[in-house]
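Here is the structure we will look at, set down as structure tokens.
The values are calculated or read from the model by the stated rules, or taken from the named source; none is laboratory data. Here the structure is a predicted model, which is why all the values come from computation and not from measurement. FYI the Cβ positions are ideal-geometry reconstructions off the backbone, even for glycines, and counts take in every protein chain you see. Ligands, DNA and RNA are excluded from the accessible area calculation, which covers all protein heavy atoms including side chains. Shrake-Rupley method; radii C 1.70, N 1.55, O 1.52, S 1.80 Å.
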Amino acid sequence: MDYITDPVLIEQKSMEIIRGLLKDTVLTVQEEAVIFRVVHTTGDPNYAALVKMHPEAISIGIQTLAGGCSVFTDIKMVKSGINARKIETLGGEVKCAIDVPEVIELAQTKGITRAMAAMLHFKEDLNGNIVAIGNAPTALYQLLQLVDSEGIKPALIVGTPVGFVGASESKELLMQSGIPYITVRGNKGGSTVAAAIVNALLKLV
């Protein structure tokens, strides 16, 4: 079999194919960078119509990352997919509290998911930073409750929880929250999508 082995050429070829598949989709250069990365990660051009962004989401994401913000994730899979080295060079850190003993204890005491407890654990630390939720709709619901009831204000929420129970609804609430967001409408999404969006923003810094 004759196939490309150079990773740089593979990515270049992939982006050429995606550009052809989405040739009728009108995007800015920055929107293209984010959406193409999601399509590349998922192998699904249908994501181009599902990704929704606050008008200032990309610019705020770039500015916040460049300023040395941290990125808080709901689960370790999102954390492991983000380019932590690049964030560290900018002065930030990728953080996940899903396995922190206090978080586990809080989840058990309150009868909630650990992802929810992690958002409660971070609380004020989320202010001015980026939150990337790729798996747990409950984490996004909890975060939005903190925004609404306690004035917690992340600079940007990348919310792409996946599934059939609460995922779509949580993302609709995100789009009404007033916080800059990047999300994926409907049941699709996932950890790789959340990480891909953050990495796309990092490439724009």
Within the group Lys76, Lys23, which residue is open to solvent by 60 Å² or more (accessible area, probe 1.4 Å) and within 25 Å of Met119 (Cβ to Cβ)?
Lys76
Quick check on my filter: what residues within the stretch 26-43 are under 22 Å from Asn187 (Cα atoms) and either of a type in the set (A, V, I, L, M) or loosely packed, with under 13 Cβ neighbours inside 10 Å (or both)?
Val34, Ile35, Val38, Val39, Gly43
All positions within the stretch 54-102 that are among the hydrophobic types (A, V, I, L, M, F, W, C), touching a helix residue (DSSP H, G or I) at 6+ places or on another chain (Cβ under 8 Å) and within 20 Å of Asn135 (Cβ to Cβ)
Val71, Phe72, Ile75, Met77, Val78, Ile82, Ile87, Val94, Cys96, Ala97, Ile98, Val100
Out of Ala136, Ala155, sole residue that is within 24 Å of Ile112 (Cβ to Cβ) and either of a type in the set (A, V, I, L, M, F, W, C) or at pLDDT below 95 (or both)
Ala136
Please go through the stretch 96-115 and pick out each residue that is closer than 28 Å to Ile58 by Cβ and touching a Ser or Thr at 6+ places or on another chain (Cβ under 6 Å).
Cys96, Ala115
Against the condition in contact (Cβ under 8 Å) with a residue 60 or more places away in the chain and surrounded by fewer than 16 Cβ atoms within 10 Å (Cβ to Cβ), how does Ala57 come out, does it pass?
no
What do you reckon, is Ile62 open to solvent by 20 Å² or more (accessible area, probe 1.4 Å) and under 22 Å from Val39 (Cα atoms)?
yes
